[in-house]
Every structure is written in C-alpha cells, then in structure tokens.
Amino acid sequence: MTKQERMKIPRQEMPLQDTLIRRGNFEEVSLGLPEDAAVKEAERCLQCKKPKCVEGCPVGVLIPQFIKALREGDINEAVRVMKIKNNLPAVCGRVCPQENQCEGNCILGKTGEPLAIGRLERYIGDYELSRRTCPMVKPHDTGKKVAVVGSGPAGIACAVDLGREGHKVTIFESLHSAGGVLIYGIPEFRLPKPVVHSEIDYAVQCLGIEIKTDHIIGRTVTLDELLGEYDAVFIGTGAGLPNFMKIPGINYSGVMSANEFLTRINLMKAYRFPEYDTPVRIGGRVAVIGAGNVAMDSARCAVRLQKSMGMESGEVHVIYRRSRDEVPARLEEFHHAEEEGIIFDFLTSPVEIFGDINGNVTGIKCIRMKLGDADASGRKKPVPLANSEFTIDVDTVIMALGTSPNPVVFTNNGNLRRTNEGTVVADNETGRTSRERLWAGGDVVTGSATVISAMGAGKRAAADIHRFLMEGM
Amino acid sequence: MYTILDKQALNDAIKLMVIEAPHVARKASAGQFVIVRIDDFGERVPLTIADFDRSAGTVTIIFQEAGKSTKHLGSLNAGDNLATFAGPLGHPTEIKRYGAVICVAGGVGIAPVYPIAKALKEAGNVVISIVGARNKGLLFWEERMRTVSDELIVCTDDGSYGRKAVVTEPLKEILSVKNIANVWAIGPAIMMKFVSMLTKEFNVPTVVSLNTIMIDGTGMCGGCRVLLEDGAKFVCVDGPEFDGHKIDWDSLLSRQRIYLNEERIASGRWEHICNLDKSDETAGDKDK
Ligand SMILES: Cc1cc2nc3c(=O)[nH]c(=O)nc-3n(C[C@H](O)[C@H](O)[C@H](O)COP(=O)(O)OP(=O)(O)OC[C@H]3O[C@@H](n4cnc5c(N)ncnc54)[C@H](O)[C@@H]3O)c2cc1C
Ligand SMILES: Cc1cc2nc3c(=O)[nH]c(=O)nc-3n(C[C@H](O)[C@H](O)[C@H](O)COP(=O)(O)OP(=O)(O)OC[C@H]3O[C@@H](n4cnc5c(N)ncnc54)[C@H](O)[C@@H]3O)c2cc1C
Ligand code: SF4
Ligand code: FES
C-alpha cells in the first residue's frame with residue numbers, strides 16, 4: 001500500500017454502548033474494535049523512521065513495531081512487543097490520555113486524524129487477556145527481597161519488572177483488593193474490574209509475586225520494619241487524601257469527596273446495594289465540583305445511579321471555574337459525559353453550601369468567573385466577577401478537587417524528605433529518596449497524575465533497584 | 001482469610017469474638033480499632049480492639065448487633081472466616097499519670113473503655129468508673145471493670161439494675177466534690193455530647209472516642225470527617241480520640257444519620273433472608 005492509500009483510510013470509530021441505555025447501567029461504554037477494524041486502523045500507520053508517537057509515550061511503547069506485527073497478522077508478536085514496555089495494555093488502552101501523549105504526537109494528526117493507537121493497544125490487551133499467549137517467566141532466584149508498598153500502577157509496574165529479574169517481591173496493600181485507583185477510583189463503565197484483576201493476577205502468578213492485602217504500612221508494619229527485613233523498599237502509595245474546599249457548609253450530610261463516592265461505588269459495589277452491603281446516597285440534583293477525570297467519573301456515576309433508581313428527571317451539574325477549553329479530563333470522557341446529559345457550568349466557582357435544620361444539603365452558592373492573565377501553571381487564571389453570586393438547588397455535592405499523598409505510610413519516618421505539599425522528594429530518573437534503600441514513584445511523588453506516568457516511575461525505580469541489588473550501588 | 005477462634009455472647013445483643021490476626025496483634029494497643037469485612041458482599045465495619053494477645057496472634061472484638069453487618073457478624077461461629085481484618089488503625093490512647101480520673105462507658109462502650117481504664121490504673125492513676133446502659137440486659141463486664149477501678153458506679157436508664165440514672169448524674173456529683181484531672185467517655189454520640197457539655201462546665205479535660213461512619217478507615221475518603229473548633233479532621237487517622245470540648249456535636253449527630261434509610265433496608269432484607277433460612281430448616285425437618 002502506498003502512503004497516499006494509507007492516508008485515505010478513515011480513522012476507525014470505536015463502537016459504543018447506546019447513549020440512552022448506558023446512562024442507566026454500569027457496563028462498559030466503549031465496546032472495543034472488531035478484528036477487521038483493528039487491522040484496517042493498523043494499515044493507516046506510516047511506520048515513521050523517527051516515530052514521534054513513541055516520544056509522547058511515558059514508557060516508550062514500541063508503537064510502530066507492535067502495529068506492524070498486528071497488520072501482518074502476527075498478533076502474538078504484537079503482544080510480545082507490547083509487553084516489553086507495558087504490562088497493562090488492556091488498562092492503558094482504556095484510560096491513557098492518548099490525545100496528549102502518543103496520538104497527540106502522531107504525524108498523521110498534522111493533516112488529518114491521528115492513528116487510534118489507544119484503541120489498538122486495547123485490542124492487543126484484550127486479545128491477550130482472553131488467550132494468555134505470552135507467559136512472563138521468572139528467571140532463577142537472585143535471593144534478594146524487595147517490599148513494594150501500594151498496589152496501584154506504580155507498585156504493580158515496579159513489582160513486575162523486579163519479578164522478571166528474579167527478585168522475591170512482596171506487595172503490601174492497605175485495602176482488601178489490589179489495583180489502587182484502577183479498582184477504587186475508575187468506574188466499571190470505563191475500566192471493568194475483571195480486566196484489572198486479570199492483568200494483576202496474571203503478572204503475579206507468572207512471577208511468584210506475593211500480595212499482602214489489609215496491611216497498612218505505617219500502622220500494621222512501619223517503613224523502618226520493612227527496611228529491616230527487605231533489601232530494598234519501593235513506596236507507591238499514590239495521592240489518596242481528598243481535598244475539601246475551604247468554604248462554609250462542607251460538613252452537611254450530602255457533601256462528600258469524590259474518593260468516598262467512587263470508593264463506595266467501585267470498591268464496595270454500592271451501585272448493587274442491597275445485594276452488596278455498602279450503600280451510596282445520591283439525590284435528584286447533584287453538583288460535582290472540578291472537571292478532571294475524577295469529576296467526570298463522579299458525574300457519570302451520579303447519572304447512572306439516578307437513572308437506575310428511577311430519577312429520570314435527575315440533574316447532574318459539573319461546576320468548573322475555568323472554561324470548556326481548559327477541561328483537564330481525557331477528551332473522550334468529557335465527550336461521553338456531555339452525551340450522557342451532564343450539565344456543565346463553566347466559569348463558575350462555589351462559595352458556600354447551604355443546608356436545612358436536619359443538616360442536609362439544600363443548595364450551593366456560586367460566583368461567576370472570567371479568565372484573566374496566565375498564572376504560574378501557564379493557564380489563564382480565573383478571576384471572580386463582582387456581584388455575580390447565584391444559587392443552584394442541589395441535594396448532593398461531590399468534591400473532585402484533587403488529592404494529596406496520604407501521610408499514614410510516613411508515620412515515624414521523620415528523616416524521609418518530603419515537600420510542603422506532602423509529596424516524597426525522589427530522583428526523577430531513579431526514584432531514589434533521601435533514605436537509603438528506599439525508592440518512591442507515582443502519584444506519591446508527583447501528586448495526582450496519570451496511570452502511565454505512575455507505571456513509568458515504577459519501571460524506572462525497578463531498573464535502579466535492580467542495579468543496586470546486583471551491583472550494590 | 002481470618003479465622004474466628006472463639007465466640008461468646010456477653011448478653012442478648014453484645015457478642016465477643018477472638019480472631020486470628022497476627023499482623024494486627026503484633027502492633028495493637030488500647031484505643032485503636034480494626035476494619036472488618038465479613039465476605040465479598042460486606043461493608044467495611046470499624047470495631048475497637050477490645051483486647052489482643054501478641055504471642056497467640058489474636059485480637060478480641062466486642063460488638064453490639066445494631067444493623068445488617070453486626071447481626072450477620074453475630075450469626076457467625078468459631079471456625080468461620082472473615083474476608084478482611086485490617087489494622088490496627090487510629091492512634092493509641094495517651095496513657096500517663098494524670099491523678100484522679102473518671103472513665104465513663106455507655107452500652108457497648110464498656111468494651112473500649114475497659115483496656116483504657118486498665119492501662120490508666122496500671123500507670124498509677126486513681127480510676128473512678130461510671131458504667132451505664134439502657135437496661136440490665138445490656139450490661140456486661142461489671143466484674144472486669146471493678147478489678148481495674150478504685151470505684152465503680154453502675155446505672156441503668158430504667159433502673160433495672162444499679163442506680164436508676166443516666167451516667168451524667170453521678171458524674172456531676174463526683175465533679176462537684178472531687179478534683180478530677182481527666183475524663184474519658186465512650187458510648188453513643190449523644191452520651192458523649194452530654195458528658196462533654198458537663199465536664200466543660202467544670203473545666204475538666206475530656207477525651208471521647210468518636211464512632212463516625214467509615215469506609216476505608218485509612219484517611220482516603222473523608223467520610224469520617226468531624227468538625228472541630230480548628231477545622232475538619234478525619235476520625236480514622238486523626239482520632240478516633242478527640243478533645244470532647246472542641247467537637248461540633250450536632251454536625252456529628254446529623255452525619256451519623258446519613259444512611260439510616262439504607263441501613264433499614266439492609267437490615268430488613270437480612271432478617272427476611274434469615275427467616276427464610278429458618279423456614280427452610282423446618283421444612284427439612286418435616287421431610288424426615
Ligand atoms: C477517579 C479517578 C480517575 C482517573 N482517571 C484516569 C484516567 O482516565 N487516566 C489516567 O491516566 N489516570 C487517571 N487517574 C489518575 C491515575 O489513576 C493515578 O495517577 C494513578 O493511579 C497513580 O498510580 P499510583 O500507583 O501512584 O497510586 P494509586 O493508584 O493511588 O495506588 C496507591 C495504592 O497504595 C495503597 N496505599 C496507600 N497508602 C498505603 C499504605 N500506607 N500502606 C499500604 N498501601 C497503601 C492504596 O490503597 C492504593 O491501592 C484517575 C484517578 C482517579 C482518582
Ligand atoms: C472507630 C470506631 C470503633 C467502633 N467500635 C465499636 C465496637 O467496638 N463495638 C461496636 O459494637 N461498635 C463499634 N463501632 C460502631 C460500629 O462500627 C457500628 O455499630 C457498625 O458499623 C454498625 O453496622 P451495622 O451494619 O450492623 O449497622 P447499621 O445498619 O450500619 O447501623 C445500625 C444503627 O447504628 C448506627 N450506626 C451506623 N454506623 C455507626 C457507627 N459507625 N457508629 C455508631 N453508630 C452507627 C446507625 O445510625 C443505625 O442506627 C465503632 C465505630 C467506630 C468508628
Ligand atoms: S507517529 Fe503515527 S504514523 Fe508515525 S509511526 Fe507513530 S503511529 Fe505510526
Ligand atoms: S474512613 Fe475514609 S477517611 Fe476516614
């Protein structure tokens with residue numbers, strides 16, 4: 001096929017669950033490309049000599065190579081190539097912000113639509129999950145022991161790479177289920193939990209990694225004790241501590257953090273109450289504050305709960321102080337949220353929450369904003385417009401304003417250097433911290449970021465830990 | 001999986017269980033709690049560590065059958081397993097030599113108060129204990145409390161045992177005549193509220209152990225938050241013990257009621273399932 005012919009093939013669309021139906025269920029929205037569409041999409045790739053897409057990928061997936069194998073019909077080879085750099089393709093293919101990473105850099109995007117790399121990655125991941133074509137083998141035992149704290153993407157990526165080198169790895173997780181945000185945060189309709197369990201179980205079985213759930217490091221066991229027992233320790237505890245706005249009324253019943261709302265729904269399966277014991281409360285008029293992935297997930301869960309409880313006239317607002325152009329969520333999720341009928345109140349910021357005498361939320365007072373000059377983050381700064389206050393009647397308020405690292409893990413660890421924001425100070429290339437034999441990576445170092453950047457940090461730390469264990473430096 | 005090694009009924013509604021959980025027993029101390037989940041359908045229930053044995057690797061919990069989860073837990077027996085037993089969580093009680101102290105326990109609060117009173121006594125304090133319950137049937141561990149107290153006052157709301165009074169009555173009498181260094185109070189929130197209001201009048205520092213609704217118990221969801229004079233705190237990681245004089249009790253009480261309706265649904269459903277089980281058994285009997 002010539003370059004011109006390749007460029008004439010249209011980008012293959014992702015089949016989706018019908019908008020009206022999906023508003024009332026928690027089943028996956030994107031259904032996955034069928035085989036012929038996947039191969040056709042793969043045909044679009046120009047196999048660039050200097051592939052820009054790879055530069056945009058935080059773990060450097062060998063994109064042109066896996067795509068070549070896919071279109072040549074050698075899918076086992078495509079899986080093998082993928083797994084050199086990425087152990088969780090079925091997860092990343094679903095949740096990575098591709099438009100800012102690989103696809104954002106793709107040369108096809110200059111004149112037309114970029115290659116749907118994420119959709120192909122998911123195709124490979126799902127194929128592999130159903131066939132188990134590529135067993136990872138544990139080489140001989142090095143006799144070295146490593147403790148990994150936290151089982152999110154950073155911890156899992158670190159553990160898998162160390163396991164592949166033949167080290168004995170134990171993961172400690174405070175919750176009862178491994179996976180971090182992939183399990184408790186990201187909803188089923190975006191990332192089905194069996195996909196996460198399956199990816200983790202598989203890696204763990206192949207490599208003999210042990211996962212100890214119900215172990216809160218800092219309480220059940222301390223970091224000092226882990227350092228006494230293991231040759232190296234990696235901290236990948238994420239940024240799970242929710243921020244609440246400093247406005248009056250946040251303690252009314254009906255105000256909750258996105259973490260609480262999403263944990264009830266995803267980890268505890270509250271959308272299936274009373275079959276599952278944990279309930280979740282949702283009213284007919286919901287305000288979600290923020291517009292990142294966490295806010296989109298909360299708003300879309302809220303719509304689904306309303307519809308499944310028969311609140312057909314329910315309303316879900318997303319309140320965001322900047323404009324549509326600054327929405328930080330993945331583009332696809334923002335679009336899906338709009339399709340599902342979520343109301344976006346842009347350039348709006350809450351100033352107070354109202355409640356009734358029983359302590360239940362009744363409304364949220366907001367102020368209109370305009371965009372001023374760029375601030376330190378390079379984004380235009382929202383400025384309040386005088387005398388523009390107004391009230392929205394709501395009975396549920398969900399705060400999705402970002403998170404910071406949970407300090408529990410650091411109990412009695414005075415000499416580990418951390419920033420004022422509570423994140424761990426660690427070398428970007430190696431993950432080394434101010435304490436000897438202690439590495440850290442993922443959201444606990446960067447603050448809330450992405451699945452793939454956490455995996456990247458876990459992998460870089462694993463490489464450095466391996467070097468340290470084998471060469472003692 | 002965590003095995004139930006022993007189960008005792010302290011009275012009709014309150015059960016004690018000894019759980020095999022060496023990872024918790026290793027580090028446990030008075031004032032801390034665990035998160036229990038019965039099975040894969042279960043919620044994460046916080047329960048105080050009533051006792052522990054490091055060498056045996058066991059932890060004792062005592063719970064009142066209130067709703068679905070605690071009734072379900074109470075229906076399990078020695079040999080059964082729990083899916084989750086995580087901890088120890090929260091900060092231990094600060095035990096030191098204060099002087100004369102009062103420990104106030106309401107209902108199932110006797111369980112968490114006992115190890116605190118014991119530790120305070122061992123640290124050389126004069127311990128006066130006031131134990132209260134709605135009626136005689138809800139009292140337990142009177143003798144145990146007596147062994148760790150210099151003085152023990154027992155009262156019931158209905159007068160079915162001990163003195164007919166709520167705990168604040170004897171408390172007020174003692175505070176009026178004795179110099180008390182510190183008060184601990186654990187029980188229903190409403191009891192802790194009134195104890196705190198009273199001790200504030202007498203200017204006696206008061207520690208309460210809050211039982212807000214929790215999900216993770218590790219500081220991740222903020223569901224357990226409580227308003228203090230100096231802002232919101234998370235009970236699971238900042239507590240569970242707080243200065244009773246600084247708490248916004250009304251906000252706490254209203255937040256505890258958030259899931260009342262759902263709790264009723266779950267509890268009703270559970271009892272329905274139990275009754276079906278029982279009628280199945282009787283049906284089976286007839287066949288024999
Ligand atoms: C709702 C939501 C949606 C998101 N959507 C996306 C998306 O679409 N795309 C994307 O790329 N990113 C998304 N993110 C961000 C992404 O999930 C995170 O950046 C990523 O999970 C960070 O990985 P991590 O391994 O550093 O931490 P986490 O995933 O947070 O995992 C940390 C783990 O450590 C455990 N832990 C914490 N403290 C302790 C302790 N003391 N002892 C033992 N274990 C402990 C936690 O329980 C948890 O399991 C989203 C985040 C949220 C909350
Ligand atoms: C740190 C901590 C330690 C605790 N220790 C103990 C203990 O040692 N023994 C014990 O019996 N209980 C203890 N509790 C309370 C216990 O967690 C609740 O009784 C339990 O969650 C009720 O669950 P359920 O499903 O059986 O009842 P639900 O159906 O959830 O509730 C039944 C009734 O109890 C009330 N309730 C619900 N949750 C709580 C709660 N967390 N605290 C107080 N009341 C609640 C409800 O308003 C309702 O009226 C503790 C709570 C906390 C936060
Ligand atoms: S930049 Fe685009 S076209 Fe080029 S190799 Fe990468 S995916 Fe293919
Ligand atoms: S229970 Fe979730 S923060 Fe305390």
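The values are calculated or read from the model by the stated rules, or taken from the named source; none is laboratory data. Computed from a predicted model, the values in this text were never measured in an experiment. With ideal geometry, Cβ positions are generated from the backbone for all residues, glycine too; neighbour counts draw on all protein chains shown. The area values use the complete protein model at the heavy-atom level, side chains included, leaving out ligands, DNA and RNA. Shrake-Rupley method; radii C 1.70, N 1.55, O 1.52, S 1.80 Å.
Projection of the Cα convex hull of chain B, averaged over all directions and equal to a quarter of that hull's surface, yields 16.5 nm². Please figure out what share of the DSSP beta bridges in chain A is antiparallel and state it in percent, rounded to the nearest 5. Given both bridge residues lie in chain A, the antiparallel proportion sits at roughly 40 percent.
For chain B, the longest principal axis of the C-alpha atoms and the axis of helix B:168-177 are separated by about 20°. Extension gain for A:Lys52-A:Asp74 works out to 5.5 nm (0.36 nm per residue, less the C-alpha to C-alpha distance).
With 40 Å² as the minimum drop in accessible area between chain alone and full protein complex (1.4 Å probe), the qualifying residues in segment B:213-228 are B:Ile215, B:Thr218, B:Met220, B:Cys221, B:Arg225. Extending 7 Å from Cα along the Cβ direction at A:Glu421 and again at A:Gln17 yields two label points whose distance is 3.4 nm. Run a plain Debye calculation on the protein assembly as shown (Cα atoms as equal point scatterers, no solvent) and give log10 I(q)/I(0) at q = 0.05, 0.07, 0.09, 0.11 Å⁻¹, rounded to two decimals, same order as the q list. Evaluating at q = 0.05, 0.07, 0.09, 0.11 Å⁻¹ gives log10 I(q)/I(0) of -0.29, -0.56, -0.90, -1.28. Peptides A:238-251, A:159-172, ordered by how many other C-beta atoms sit within 10 Å of their residues on average, highest first, read A:159-172, A:238-251. The gain in end-to-end length when the A:Glu5 to A:Glu35 segment is fully stretched comes to 8.8 nm, 0.36 nm per residue minus the alpha carbon separation. Rolling a 1.4 angstrom probe over the protein assembly as shown with all protein chains present gives an accessible area of which 50% lies on carbon and sulfur atoms.
Ranking A:Thr222, A:Phe261, A:Thr237 by how far each Cα lies toward the positive end of the dipole of segment A:151-270 (charges on Cβ) leaves A:Phe261 at the top. Compared with the direct C-alpha span, the chain from A:Glu326 to A:Ile247 gains 26.1 nm at full extension, assuming 0.36 nm per residue.
With the cut-off at 1.5 for a/c, could you classify segment A:407-470 from its C-alpha gyration tensor as rounded, prolate or oblate? It comes out oblate by the Cα gyration axes.
Counting Cβ atoms of other protein chains within 10 Å of each Cβ in B:246-259 and taking the mean gives 3.
Mean per-residue shielding of peptide B:262-269 is 3, counting Cβ atoms of other chains within 10 Å of each Cβ.
For segment B:54-85, applying the loop criterion from DSSP together with a ceiling of 15 other beta carbons within 10 Å to the trypsin sites (Lys or Arg not before Pro) yields B:Arg54.
Toward the positive end of the charge dipole of segment B:155-214, with +1 on the Cβ of Lys and Arg and -1 on the Cβ of Asp and Glu, the farthest Cα among B:Val204, B:Ile190, B:Ala165 is that of B:Val204. Contact residues in segment A:192-217 (at least 20 Å² less accessible area with all protein chains than alone, 1.4 Å probe): A:Asp214, A:His215, A:Ile216. Accessible surface computed residue by residue for chain B, with neighbouring protein chains in place and a 1.4 Å probe, gives 43 Å² per residue. Placing R0 at 60 angstrom, the Cβ-Cβ distance between A:Lys138 and A:Glu352 gives a FRET efficiency of 0.55 after rounding to 0.05.
Quick one: grab the alpha carbon gyration tensor of segment A:154-256, order the square roots of its eigenvalues as a ≥ b ≥ c, and give me rounded if a/c is under 1.5, else prolate or oblate depending on whether a/b is larger than b/c. The shape class here is oblate. Each chain gives up part of its surface: A and B jointly bury about 3700 Å² of accessible area, both sides summed, for a 1.4 Å probe.
Normalised per residue, the accessible area of chain A is 40 Å², obtained with a 1.4 Å probe and no contribution from ligands, DNA or RNA.
The mean number of partner chain beta-carbon atoms within 10 angstrom of a residue's beta-carbon across peptide A:264-273 is 3.
Taking square-rooted eigenvalues a ≥ b ≥ c of the alpha carbon gyration tensor, is segment B:133-288 rounded, prolate or oblate, where a/c under 1.5 means rounded and, failing that, a/b exceeding b/c means prolate? Here segment B:133-288 falls in the oblate category.
Estimated from the Cβ-Cβ distance and a Förster radius of 41 angstrom, the FRET efficiency linking B:Asp230 and A:Glu99 is about 0.40.
Qualifying GluC sites (Glu not before Pro) in segment B:162-245, where qualification requires a DSSP coil assignment and no more than 16 other C-beta atoms within 10 Å, comprise B:Glu229. Dividing the summed helix terms, -39500 (n - 2.57) for each DSSP H run of n ≥ 4, by the number of residues in the protein assembly as shown produces a 222 nm estimate of -9500 deg cm²/dmol to the nearest 500.
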